[in-house]
Every structure is written in structure tokens, then in C-alpha cells.
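The values are calculated or read from the model by the stated rules, or taken from the named source; none is laboratory data. Remember, predicted model here, so these are calculated numbers, not experimental data. A quick note on method: Cβ atoms are made from the backbone with ideal geometry, for glycine too, and the neighbour counts reach across all protein chains shown. Side chains included, ligands, DNA and RNA excluded: accessible areas come from the protein's heavy atoms. Shrake-Rupley method; radii C 1.70, N 1.55, O 1.52, S 1.80 Å.
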Amino acid sequence: INHNLFKLISFDNLDTEYSNALSCSGLGENDVEVCPRDNDLILDIKRKIDLSNKFVIKGKTGSGKSLLTFQVAKKYHDENWQVYKLYKDNLSEKERFVYPSEKCFIIVDDAQTINQSLFELIADYSNKNCLILFNWNMSTNTVNDDFLYSYPNISIDFTKQIELLKEF
């Protein structure tokens, strides 16, 4: 087992100052509470993950996909799931893929940087005790992503994030 594959996300030291979130880019695990949330969207994604054990959030740079990814993960964390980020750089297709714990929620950030067969290998390991949320940046995607349509997914747009900020 390659123990360098997973980083446990504890959601400790969450930001409380909204000014840190005003840039709306590069937001992640520390910003899940201070930034605006679309609770209906988060719950819809959660329902789909619960049914399929895997899900893909697609969007362009700055669309809010990373923040949304971590907001969904925080929901699972609050339900006593262990949340991990997968370090794709340390993964090879030859390696036996073993999840770090029971009842784990795995985030695969920038999933567009891995090849299709590795993506599918990771997705195939999902099950009711190990859920996987892929984050796919469509701005830097240079590969054919048609295969993603066979996975439950959503494409998000930066205009939704702007609307949330206006309400916030």
C-alpha cells in the first residue's frame, strides 16, 4: 500500500474572515464555512454520490468547483466519514489501489490531469464504504472527456458563484 497517496482532511482551522474569500479563486478546504453555499446543490450532489458512489464536478477555472467539492466533502465529514485527498502524482496503474479506511470519502482534485484508464481504475474502486468525488477543470483539459458522460456529473458555471456572492 502506498501511504503517500492520501492526505486526511480534518477541516480544522477553518477561515472565519470573509475577506480571504473575496478573490473567489483558489478556494478550498479552509473556506467551506465562510464562503457562500448552495445548499440545494450540495444536497443534490450528495444524493447522487450516495446512489452511485462516485461523482464528477466539472467547471472552468474560477467557477467554484473546488470550493463546492470541499463543501460536499464537509457534509460527509460532519456525518463521521473520513475525508481524504488523493495525490495522483504518487499513483501508478500497476499499483494495487487500497483505500485508507472504512467509510472514507476521497477527493480527486484536477482529475483531468490523469489518463482515462487511471481515472476509470480509481472510479471502479468506489463502493458504499468508499465514495469518490472527482473535480475536473475544463479550462486546462486537453483530453477527450466524452467518457465522463458515463459517470454521474454536473457542469457548474461561474455565474452561479457570482449569484451566490450577490446574495451573500
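Can you find, within segment 89-139, the residue that is least open to solvent (accessible area, probe 1.4 Å) among those that are of a type in the set (Lys, Arg) and under 18 Å from Asn4 (Cα atoms)?
Arg96
Name the residues in segment 140-154 that are among the aliphatic types (A, V, I, L, M), closer than 23 Å to Phe70 by Cα and surrounded by fewer than 17 Cβ atoms within 10 Å (Cβ to Cβ), would you?
Hit for segment 140-154 is Ile154, nothing else.
Which ones in segment 52-75 are of a type in the set (Ser, Thr, Tyr), open to solvent by 10 Å² or more (accessible area, probe 1.4 Å) and farther than 10 Å from Asn135 by Cβ?
Ser52, Thr61
I'd like the full set of residues that are modelled with pLDDT under 90 and among the small types (Gly, Ala, Ser), limited to segment 89-133.
Ser92, Ser101, Ser117, listed by residue number.
Between Lys74, Lys60, which is closer than 23 Å to Arg47 by Cα, of a type outside the set (Ser, Thr, Tyr) and within 16 Å of the chain's Cα centre (by Cα)?
Going through Lys74, Lys60 in turn, just one is closer than 23 Å to Arg47 by Cα, of a type outside the set (Ser, Thr, Tyr) and within 16 Å of the chain's Cα centre (by Cα): Lys74.
Out of all the residues in segment 29-49, which are assigned to a helix (DSSP H, G or I) and in contact with a helix residue (DSSP H, G or I) (Cβ under 6 Å, 6 or more places away or on another chain)?
Answer for segment 29-49, where residues must be assigned to a helix (DSSP H, G or I) and in contact with a helix residue (DSSP H, G or I) (Cβ under 6 Å, 6 or more places away or on another chain): Glu29, Asp31, Ile42, Ile45, Lys46.
State all residues of segment 50-64 that are modelled with pLDDT under 95 and assigned to a loop (DSSP other than H, G, I, E, B); if no residue qualifies, say none.
The answer is Lys60, Thr61, Gly62, Ser63, Gly64.
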